[in-house]
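Working notes for the structure below.
The values are calculated or read from the model by the stated rules, or taken from the named source; none is laboratory data. What you see is a predicted model; the values in this text were computed from it and never measured. Every residue, glycine among them, receives a Cβ derived from its backbone with ideal geometry; neighbour counts consider all protein chains shown. Heads up: the accessible areas ignore ligands, DNA and RNA and are worked out on the full protein's heavy atoms, side chains in. Shrake-Rupley method; radii C 1.70, N 1.55, O 1.52, S 1.80 Å.
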Amino acid sequence: MRRVVVKLGGSTAYHAEMRNWVAILTASQRPLVLVPGGGPFADRVREAQGEMGFSDRAAHFMAIMAMDQMGLALLDMDTRLTLARSLEEIDSALTSGKLPVWLPSQMCDAAEDIAQSWDVTSDSLAAWLAARIGAEALLLIKQTDAFENADGIEALVAAGIVDLLLPAMLGEATALHLAGPASLATAHERLAANTLPGRNFSASMASRRGAA
């Protein structure tokens with residue numbers, strides 16, 4: 001089975017859904033790579049920037065470190081989770097049957113193709129990683145089901161459900177899926193059946209690329 005990158009939104013941090021998702025993902029036998037959102041740690045960066053006035057470039061790197069912090073918090077939730085800072089560590093974790101939690105600061109600090117601004121969120125960084133590892137799909141787990149009414153990727157961007165740069169960051173061979181709290185009820189069964197929970201936006205991504 002090809003790999004799937006799963007971005008667990010920072011918006012789930014203070015909700016029961018986070019632990020429910022972690023339990024479902026760690027029970028799956030699919031080769032998953034977990035990307036943490038910045039959550040409350042990234043929120044503190046935004047607040048500090050407002051008070052201290054440091055640049056968006058500095059805030060960008062601090063927000064990526066916030067994803068590292070969220071990842072370290074996730075590691076405490078299940079013994080199958082293991083940290084991964086590089087492609088080699090991701091490969092090693094999957095080979096050993098672990099579920100790697102990607103801490104992005106090391107790889108992103110050296111990446112010249114990632115904009116250094118708030119336009120880049122953990123969603124687009126997860127897309128960037130998915131392209132790097134040739135992932136079959138990117139699953140974005142949100143603390144909302146508002147995407148169910150979205151008419152394609154443009155509507156997701158316009159509503160702020162995903163960031164502006166995500167479509168460009170996502171590899172052409174990587175399908176895009178979104179899941180929210182309503183997807184939890186069938187998530188375990190869908191993963192066991194080699195499908196993904198939530199809604200598949202691959203068709204809208206393909207039509208968007210075709211029109212480009």
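Over the chain, what percent of the accessible surface lies on carbon and sulfur atoms, probe 1.4 Å? Could the numbers behind the result be given before it?
Details: 4920 of 9580 Å².
In the chain, the share of accessible area belonging to carbon and sulfur is 51 percent.
Report relative contact order for segment 1-51 in percent, whole number only (criteria: Cα-Cα under 8 Å, sequence separation at least 6). Could the numbers behind the result be given before it?
On the way: 45 pairs, mean separation 26.7, N = 51.
The normalised contact order for segment 1-51 reaches 52 percent.
Find how many whole Å separate the alpha carbon centroid of segment 82-109 from the alpha carbon centroid of segment 6-43.
15
Only Cα pairs under 8 Å and at least 6 apart count here; give the relative contact order of the chain as a rounded whole percent. Could the numbers behind the result be given before it?
Values: 373 pairs, mean separation 49.0, N = 212.
Averaging sequence separation for qualifying contacts and normalising by length gives 23 percent for the chain.
If I stretch the segment between SER117 and ALA159 completely, what's the gain in nm (0.36 nm per residue apart, minus their alpha carbon distance), one decimal?
Values: separation 42, 0.36 × 42 = 15.12 nm, distance 1.95 nm.
The SER117-ALA159 span can extend by a further 13.2 nm.
With a cut-off of 8 Å between alpha carbons and a minimum separation of six or more residues, what is the relative contact order of segment 72-176 in percent? It would help to have the intermediate numbers written out before the result.
Values: 106 pairs, mean separation 26.1, N = 105.
Relative contact order, segment 72-176: 25 percent.
Just to confirm, what accessible area per residue do you get for segment 6-140 at 1.4 Å probe, in whole Å²?
On a per-residue basis, 43 Å².
Spelling out what I want: for every residue of segment 160-168, take phi, set θ = phi - 60°, compute 6.51 cos²θ - 1.76 cosθ + 1.60 (Karplus), and round to whole Hz; glycine and proline get x.
For segment 160-168, the Karplus curve yields x, 6, 10, 7, 4, 8, 4, x, 6 Hz.
Out of all DSSP beta bridges with both ends in the chain, state the antiparallel percent to the nearest 5. Please report the intermediate quantities before stating the final value.
Working: 2 of 22 bridges.
Among the beta bridges of the chain, antiparallel pairing accounts for roughly 10 percent.
For segment 4-92, with equal point scatterers placed on the C-alpha atoms only and solvent neglected, what are the log10 I(q)/I(0) values from the Debye formula at q = 0.17 1/Å, to two decimals?
The Cα Debye sum returns log10 ratios of -0.75.
Sorting ARG19, ARG46 by accessible area (1.4 Å probe), largest first, what list results? Kindly include the intermediate steps, with their values, before the conclusion.
Values: ARG19 150, ARG46 125 Å².
If we order ARG19, ARG46 from most to least accessible, we get ARG19, ARG46.
Work out, step by step, the length gained on full extension between THR26 and ASN200: first 0.36 nm times the residue separation, then minus their alpha carbon distance; give nm to one decimal.
Working: separation 174, 0.36 × 174 = 62.64 nm, distance 2.15 nm.
Contour length minus the Cα-Cα distance gives 60.5 nm.
So, by mean Cβ neighbours within 10 angstrom, what's the order for 160-166, 51-57, 5-11 with the highest one leading? Let's see the in-between values first.
Working: 160-166: 18.6, 51-57: 10.1, 5-11: 25.0.
Per-residue Cβ counts within 10 Å, averaged per peptide and sorted highest first, yield 5-11, 160-166, 51-57.
For a quick check of understanding: with a 1.4 angstrom probe and all protein chains in place, what accessible area in square angstrom does MET77 have, to the nearest ten?
That residue has around 50 Å² of solvent-accessible surface.
What are the ³J(HN,Hα) values, in whole Hz, obtained from phi via the Karplus relation 6.51 cos²θ - 1.76 cosθ + 1.60 with θ = phi - 60°, for each residue of segment 140-157 in sequence order, with x given for Gly and Pro?
In residue order, the calculated couplings are 9, 9, 10, 9, 7, 10, 4, 5, 4, 9, 6, 9, x, 5, 4, 5, 5, 5 Hz.
With each run of n ≥ 4 DSSP H residues scored as -39500 (n - 2.57), what mean residue ellipticity at 222 nm is computed for the chain after dividing by its residue count and rounding to the nearest 500 deg cm²/dmol? Walk me through the numbers on the way to the answer.
On the way: 10 runs with 100 residues, N = 212.
The per-residue figure over the chain is -14000 deg cm²/dmol.
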